[in-house]
Amino acid sequence: MENRFDGDVVAITGAGGGFGRRFVEEFIARGARVFGCDIDPDGVERARAAGAIVDVVDAGDRDAVVRWVAGIEAAAGSAIGVLINNAGGHLGTPPRSIENVSDGEWDAIVAANLGATFAVCRAAVPAMKRAGRGRIINISSGAGIAASRTSPHPYTAAKHAIVGLTRQMAYELGAFGITVNAVAPGLVISSANTRKLWEGMSPDAKSAYLQTTFMRRVGEIDDVVNAVLFFASARTSWISGQILSVDGGTR
Ligand SMILES: NC(=O)c1ccc[n+]([C@@H]2O[C@H](COP(=O)([O-])OP(=O)(O)OC[C@H]3O[C@@H](n4cnc5c(N)ncnc54)[C@H](O)[C@@H]3O)[C@@H](O)[C@H]2O)c1
């Protein structure tokens, strides 16, 4: 049976990025009305070309997020049905020892990943509660579950915190018919940045990565898309507070 979202209101942060654009395409193809935001104007254009209504918004800016969510609810005439908190990433910051992490990179990475997830959920949940239904899907990371070989400290810390926020919101929001789950991808070649990261790894580091990954490959964007579609489905109404590793198997 096909997983359709006809008429559903789907909101996606970071909609112009590697994962974000594929989420847009997939939900549009399945009948949803898709709204997005991204901080990168080029990304916004790409997500618009994929069929979504997309605004330039910093998802870590709480006031801007309140306006973005209110605009979606007004345009759609309803609450958001499926919310995908996808904005974030390393923001070009390499891993470095803890004493060398700057205030600026700590604040920016925590804001784009954890702060954005909090801000968008806080703005969107009241209408979702009134509607008595909804799906929230947070994009964490393998770095949200264990130490990472490739990530900077603030990223690992923020992605772990997204796991905690997912569980705490799931506990609260179940009574309102809203499920809250997270997807924790391993390394997926989703963008020029992740391609650079993979290609910049030494042959030994690549080999070690593949040897410790049960399926012996890095991820593809659709591996993550499929996990998001699963949690977004009307058929997963009794699954909440779960963190799904999509990483080829590591433990
Ligand atoms: N690709 C991977 O290997 C991988 C693995 C684990 C988790 N993730 C997570 O998946 C999500 C998507 O990553 P991706 O691989 O598609 O990377 P990407 O860089 O292609 O996409 C991220 C998008 O988020 C946007 N963004 C960043 N900060 C923002 C902000 N403050 N407000 C609004 N938009 C913002 C960026 O402009 C970009 O378009 C991220 O949260 C990332 O941490 C990716």
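The values are calculated or read from the model by the stated rules, or taken from the named source; none is laboratory data. Not measured: the values here are computed from a predicted model. A quick note on method: Cβ atoms are made from the backbone with ideal geometry, for glycine too, and the neighbour counts reach across all protein chains shown. Heavy atoms of the whole protein, side chains included, go into the accessibility calculation; ligands, DNA and RNA do not. Shrake-Rupley method; radii C 1.70, N 1.55, O 1.52, S 1.80 Å.
In the context of the full set of protein chains, the chain has a per residue accessible area of 47 Å² (1.4 Å probe).
Paramagnetic label reach from F176 (point 7 Å along Cα→Cβ; backbone nitrogen cut-off under 18 Å): within segment 117-140, residues 117-138.
Take the alpha-carbon positions of segment 13-87, form their convex hull, and give its projected area averaged over all directions (one quarter of the hull surface) in nm².
Computed as one quarter of the Cα hull surface, the answer is 4.3 nm².
Relative contact order of segment 128-180, please, whole-number percent, based on alpha carbon pairs below 8 angstrom and at least 6 residues apart. Could the numbers behind the result be given before it?
On the way: 58 pairs, mean separation 26.3, N = 53.
Computed over segment 128-180, the figure is 50 percent.
Y155: net charge of surrounding residues, Cβ under 15 Å, Lys/Arg +1, Asp/Glu -1, itself excluded? The partial results should precede the final answer.
Values: positive: R96, R149, K159; negative: E105, D107.
So the environment of Y155 carries a net charge of +1.
When the Cα convex hull of segment 75-168 is projected onto planes of every orientation, the mean area is 6.8 nm².
So what is the 222 nm mean residue ellipticity for the chain from helices alone, if each DSSP H run of at least 4 adds -39500 (n - 2.57) and you divide by all residues, rounding to the nearest 500 deg cm²/dmol?
Numbers: 9 runs with 111 residues, N = 251.
That comes out to -14000 deg cm²/dmol.
If you average the alpha carbon positions of segment 215-232 and of segment 1-54, how far apart do those two centres end up, in angstrom? Going from one Cα centre to the other spans 16 Å.
Across the chain, the mean sequence separation of Cα contacts (distance under 8 Å, 6 or more residues apart), normalised by length, yields a relative contact order of 18 percent.
Can you give me the Kirkwood hydrodynamic radius for the chain, using every pair of distinct Cα atoms, in Å to one decimal? Can you show the working numbers first?
Working: mean 1/r = 0.0551 Å⁻¹.
In the chain this quantity evaluates to 18.1 Å.
Sorting the Cα pairs of segment 1-128 by distance into bins of 5 Å, from 0 upward, gives 2, 12, 21, 22, 19, 11, 7, 4, 2, 1, 0 percent per bin. From the alpha carbon centroid of segment 152-177 to that of segment 81-136 is 10 Å. For segment 164-251, the relative contact order works out to 46 percent when only alpha carbon pairs closer than 8 Å and six or more residues apart are counted. Legend: residues W68, W198, W106, W238, sorted from most to least accessible area (1.4 Å probe; ligands, DNA and RNA excluded), read W238, W106, W198, W68. Surface composition of the chain: carbon plus sulfur atoms hold 54% of the accessible area, using a 1.4 angstrom probe and ignoring ligands, DNA and RNA. Taking every protein chain into account, the 1.4 Å probe leaves K206 with about 50 Å² of accessible area, to the nearest ten. To the nearest 10, the accessible area of D61 is 60 Å² with a 1.4 Å probe. Of all alpha-carbon pairs in segment 116-229, indicate the percentage at a distance above 16 angstrom. Of all Cα-Cα distances in segment 116-229, 66 percent exceed 16 Å.
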